[in-house]
Amino acid sequence: MARPKEFDPEIAVDQAMEVFWRKGYASTTPQDLVDALSIGKGSLYNTFGSKRGLFLRALRRYRDTQTAALVEALEQPGPVKERLRTTLTALAEMDMADPDQRGCLAVNSATELARTDQEATELARRMLDITEDAFRALIAEGQRAGEISPERDPAALASLLMNTVVGMRVVARVSEGADRLTRVIDATIDSL
């Protein structure tokens, strides 16, 4: 008879996400995960199959929670440019407040694994796609409201915003202050 699990796999995924986010995939050892999750290696492998299996679940969790939060922020009431500024500022503040300067797990994973792990790359790509789609919807709303010129291409502006966010998340990993990010946000809003 199998023993019941003594840990919650969903909580373990969240804990593993923090380890992968801080250390990266390659630098995270199974022992790091065992220590962070307070489980044995047998439980780790029996529940998640492998370090990679746990990583993919953690990356999916990150994608789902982060994109939902971003979409929710962009869908708040109020002027489009104000919502965009508030959302970008919140991202910058979150990154700058992080003592580990982790940036974005999806961006970090894409840069680390793009050539070596197709499934991880696809998860990161999907997160970028969802984010860009949310920006495209926001731009279209701004055009209908007269805040953004209807002559501007919503897809191009959405790609610009997506690239801005990715760049901000990378810059935040090495910045010592928020000044550069504030300039990026101001210039981005002004460019619309």
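Computed from the coordinates by the stated procedures, all read-outs in this text should not be read as laboratory data. Just so we're clear, the structure is a prediction, and the values are computed from it rather than from any experiment. Reconstructed Cβ throughout: ideal geometry from the backbone, glycine too, with neighbour counts over all protein chains shown.
A compact table of results
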{"quantity": "Gyration tensor verdict on the range 27-138 (Cα atoms; rounded if a/c is under 1.5, prolate if a/b is larger than b/c, oblate otherwise)", "calculated": "prolate"}
{"quantity": "In nm, spacing of pseudo-spin labels at residue 178 and residue 129 (7 Å Cα→C-beta vector)", "calculated": "3.4"}
{"quantity": "Helix 80-97 axis, angle to the chain major axis (alpha carbon atoms, nearest 10°)", "calculated": "40"}
{"quantity": "Charged-residue dipole, Cβ positions (Lys, Arg, Asp, Glu), the chain about Cα centre, Debye nearest 20", "calculated": "580"}
{"quantity": "Residue 18-residue 153 pseudo-label distance in nm [points 7 Å out on the Cα-to-Cβ vector]", "calculated": "4.4"}
{"quantity": "Length added when fully stretched, residue 10-residue 50, from 0.36 nm per residue minus Cα-Cα", "calculated": "12.8 nm"}
{"quantity": "DSSP-loop trypsin sites (Lys or Arg not before Pro) across the range 36-125, with at most 15 other Cβ within 10 angstrom", "calculated": "115"}
{"quantity": "Per residue Cα convex hull volume in Å³ - calculated over the chain", "calculated": "128"}
{"quantity": "Count of Lys pairs (Cα-Cα under 26 Å; at least 8 positions apart or interchain) in the chain", "calculated": "5"}
